[in-house]
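Working notes, structure below.
The values are calculated or read from the model by the stated rules, or taken from the named source; none is laboratory data. All values derive from a computational prediction rather than experimental measurement. FYI the Cβ positions are ideal-geometry reconstructions off the backbone, even for glycines, and counts take in every protein chain you see. For accessibility, only protein heavy atoms count, side chains too; no ligands or nucleic acids. Shrake-Rupley method; radii C 1.70, N 1.55, O 1.52, S 1.80 Å.
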Amino acid sequence: MTLTLKDITYSYKENTQNYTILEDLNYTFEAGKLYTIMGPSGAGKTTLLSIASGLTSPIEGSISYGETDIYRMGITKYRKECTSIIFQAYNLIPYMTAYQNVKAALKIKKHKEKDLKKYIEKSLNDVGLDETMIYKNVLRLSGGQQQRVAVARALAAESPIIFADEPTGNLDQKTSQGIIDMLKEIALVEKKCVIMVTHDLGIAKQADVALLLKERTLVNME
Ligand code: ADP
Ligand code: ADP
């Protein structure tokens, strides 16, 4: 599996001015790797994730999943079957338990009801949440635990590509490290393509590939 961004350009208009934030950006992401993207605030990192995940259309260029253009595949299908997103603010459904949050995110209903329960519990156990936590309202969990639920939710959906936009932005260093260790392992063991925006150089250095958004394109970090 590869995700290829080809000649991506993105600009927007504001007060009759045209701002180009991405220009002729080319990059191929591969399965089994954790990628980090750093860059100054406003460089276009969130916009890039948004384009790569099919939420925003580029002005020019194409995005391919394997050999297939995602617009040809159908953007809804691409988003549903190929991608999961982890946000800085967790974006869990409040007033639901961790269990219900994961259940709500299962996109492809291929599990029988009794297997489903096992599957959801295992997804949550795998990210270090035990029985005392998974049936709690998510608002009663700590930030780190909530982000673990978000990771479990992304994993349970079994998408080959996981996007994460500053997933540790609200967490202390030790908790952040736990989340990063998990994302690294997920890439390696489950052969997922994990693409993460971060502001933390210490985290970026742990990536398989550390990238920098610089002068409107992606370059390898030195
Ligand atoms: P980063 O994630 O690197 O901080 P963003 O992708 O969030 O950067 O945004 C880059 C810049 O482009 C920001 O200044 C943002 O306000 C601006 N921007 C992006 N898309 C639009 C848009 N459609 N309309 C107005 N401003 C936009
Ligand atoms: P960051 O990820 O760097 O914290 P955000 O993605 O939250 O930044 O966006 C930074 C600013 O860009 C915000 O003010 C947001 O409203 C603006 N922005 C980003 N994308 C768009 C867009 N598509 N249209 C309008 N404004 C946007």
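In percent, what relative contact order does the range 97-222 have, based on Cα pairs under 8 Å that are 6 or more apart in sequence? Value for the range 97-222: 22 percent.
Potential lengthening of the chain between LYS136 and LYS77 amounts to 18.0 nm, from the contour at 0.36 nm per residue minus the alpha-carbon distance. By the rule of a C-alpha distance below 18 Å, with chain neighbours fewer than 8 residues away ignored, the aspartates and glutamates paired with LYS6 are GLU23, ASP24, GLU30, GLU60, GLU67, ASP69, GLU215.
Quick check: with the 1.4 Å probe, what order do ILE85, ILE93 take by accessible area, largest first?
Heavy-atom accessible area, descending, gives ILE93, ILE85.
Build a GNM of the chain with springs between Cα atoms under 10 Å apart, and of ILE86, ILE37, ILE59 the one that fluctuates most is ILE59. Annotation: LEU171 carries an accessible surface of approximately 30 Å², with a 1.4 Å probe and no ligand, DNA or RNA atoms counted.
A 1.4 Å probe over all protein chains sorts SER57, SER41, SER64 by accessible area into SER41, SER57, SER64, starting with the largest.
Per DSSP H run of at least 4 residues, take -39500 (n - 2.57); add these up for the chain, divide by its residues and hand me the 222 nm value, nearest 500 deg cm²/dmol.
Details: 9 runs with 82 residues, N = 222.
Only helices count here, giving -10500 deg cm²/dmol.
Taking trypsin sites (Lys or Arg not before Pro) in DSSP loop conformation with at most 16 other Cβ atoms inside 10 Å as exposed sites, the chain has its longest uninterrupted site-free stretch at 1-106. Here is the list for the range 14-122: chymotrypsin sites (Phe, Trp or Tyr not before Pro) lying in DSSP coil, each with at most 16 other C-beta atoms within 10 angstrom of its C-beta, are TYR95.
Averaging sequence separations of C-alpha pairs under 8 Å and six or more residues apart, then dividing by the length of the chain, give the relative contact order as a whole percent. Walk me through the intermediate numbers first.
Numbers: 406 pairs, mean separation 70.7, N = 222.
Contact order relative to length: 32 percent.
Considering the convex hull of the alpha carbon atoms of the range 117-222, report its projected area averaged over all viewing directions, in nm², one decimal. Walk me through the intermediate numbers first.
Values: hull surface 29.6 nm².
That works out to 7.4 nm², a quarter of the Cα hull's surface.
Only loop residues by DSSP count here, and only those with at most 13 other Cβ atoms within 10 Å; note down the GluC sites (Glu not before Pro) in the range 18-95 that meet that. The partial results should precede the final answer.
Details: sites: GLU23, GLU30, GLU60, GLU67, GLU81; in loops: GLU67.
Hits after loop and neighbour filter: GLU67.
Sum up the charges of everything whose Cβ sits under 15 Å from the Cβ of TYR95, counting Lys and Arg as +1 and Asp and Glu as -1, but leave TYR95 out. Walk me through the numbers before you get to the answer.
On the way: positive: LYS103, LYS136, ARG140; negative: none.
Result for the local shell: +3.
If you take the Cα Rg of the chain and divide it by 2.2 N^0.38 Å, with N the number of residues, what do you get? Kindly include the intermediate steps, with their values, before the conclusion.
Details: Rg = 17.6 Å, N = 222, 2.2 N^0.38 = 17.1 Å.
With N residues counted in the chain, Rg over 2.2 N^0.38 Å equals 1.03.
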